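The values are calculated or read from the model by the stated rules, or taken from the named source; none is laboratory data. Given the structure is predicted, the values throughout are model-derived calculations rather than measurements. Positions of Cβ are backbone-derived with ideal geometry, glycine not excepted, and every protein chain shown enters the neighbour counts. For the accessible areas, the whole protein counts, side chains as well, though only heavy atoms, and no ligand, DNA or RNA atoms are used. Shrake-Rupley method; radii C 1.70, N 1.55, O 1.52, S 1.80 Å.
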Amino acid sequence: METEKPIPQETADVELELLLEAIYQEYGYDYRDYIQVSLKRQILNRLEQEGLKSITELQVQILKDKDLFNKLLGDLSINVTELFRDPLFYLALKKEVLPILKTYPQLNIWHAGCATGQEVYSFAIMLKEEGLYEKTQIYATDVNQVALEKAKAGIYSLSSLKEGTANYQQAGGEKTLTDYYTTDHKNAIINRSLKKNILFCDHNLVTDKVFCEMNLIMCRNVFIYFNESLREQVLKIFHESLCRQGYLCLGAQESLLKLKYSNYFERAENKQKIFRKTIHGNI
Ligand SMILES: C[S@@+](CC[C@H](N)C(=O)[O-])C[C@H]1O[C@@H](n2cnc3c(N)ncnc32)[C@H](O)[C@@H]1O
């Protein structure tokens, strides 16, 4: 009896490249410069769930079935997040950055790759506690519209909040997290007063451009999915978006090291990935 042979690595790589090209040509979403290992993992999972045998088969289906494409789009955007994720990062922001932002008459803040919104509400809480919220306009963007809808709704299961509550205390929270939501016994519903200065919108870091001048950009745990040339492209957008001496916050695993424009930024704080724009003008 004949047994099924695994797809050779090189064939799978070529098929993956063709699939990404087809997605870009047909739907305008550009994943060609994402790190392939993580893309491949998501794509192979989707193959299995759809009962398809090869990436090429998936490509054929994707081109004629928009619903399948939307499923894959959901798979490719990894939305893992939580309230006050990496609490020491928030503590550093509170100690080192917010005192400087307090001296500004108004603030624009951009959360790029905000997923389901927990990061945005975490920082909004911190801004409230520091008396900065009322003078701040927050832009929260993502490529994944399903995640954005969840972010806008600001409804999270109570069980998912356990970690967030501990994080909030570690991050130097001054009240209790329950002051910022109401509950229907299953879910936490974020207070309206926290949402009023937040604009959630669709923005793709790969294909969309600068849209406003920002005092601080948070783009945490997004660069890890991009290859070096895409990181450089996006870093250029951030540089153009930031005002003089604006702040850029990356995730714990991310760095500007070796990137083309890294000398346009300096570390604003020793331990966390908080950078400050040093050189003004266009790159
Ligand atoms: C792991 S989550 C990070 C969420 C949050 N920043 C945090 O650190 O908790 C990565 C997010 O980046 C978004 N993303 C990936 N590629 C993007 C792109 N090209 N433009 C905008 N957002 C993108 C994904 O949809 C996902 O919601």
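No other residue among Thr141, Thr136, Thr81, Thr116 is more than 12 Å from the ligand (Cβ to nearest atom) and among the hydroxyl-bearing types (Ser, Thr, Tyr) apart from Thr136. Applying the set (1) part of a helix (DSSP H, G or I); (2) within 30 Å of Ala171 (Cα to Cα) to Phe69 leaves exactly one unmet item: (2).
Tell me, yes or no, whether the stretch 267-274 has at least one residue that is within 15 Å of Thr141 (Cβ to Cβ), part of a loop (DSSP other than H, G, I, E, B) and not assigned by TED's automatic domain parsing to the domain that holds Tyr31. Looking for residues that are within 15 Å of Thr141 (Cβ to Cβ), part of a loop (DSSP other than H, G, I, E, B) and not assigned by TED's automatic domain parsing to the domain that holds Tyr31, one finds none in the stretch 267-274, hence no. Taking the criterion of being touching a residue at least 40 places away in the same chain (Cβ under 8 Å) and under 10 Å from Asn215 (Cβ atoms), the only residue of the stretch 244-255 that qualifies is Tyr247.
For the stretch 84-106: of the residues being assigned to a loop (DSSP other than H, G, I, E, B) and farther than 20 Å from Thr178 by Cβ, which is nearest to the ligand (Cβ to nearest atom)? Here the answer is Asp86.
In the stretch 107-120, the residues that are in a strand (DSSP E or B) and open to solvent by 10 Å² or more (accessible area, probe 1.4 Å) form Cβ pairs under 7 Å with partners that are of a type in the set (S, T, N, Q) and at pLDDT 95 or above, at six or more places apart or across chains, as follows: Asn108/Gln137; Asn108/Asn215.
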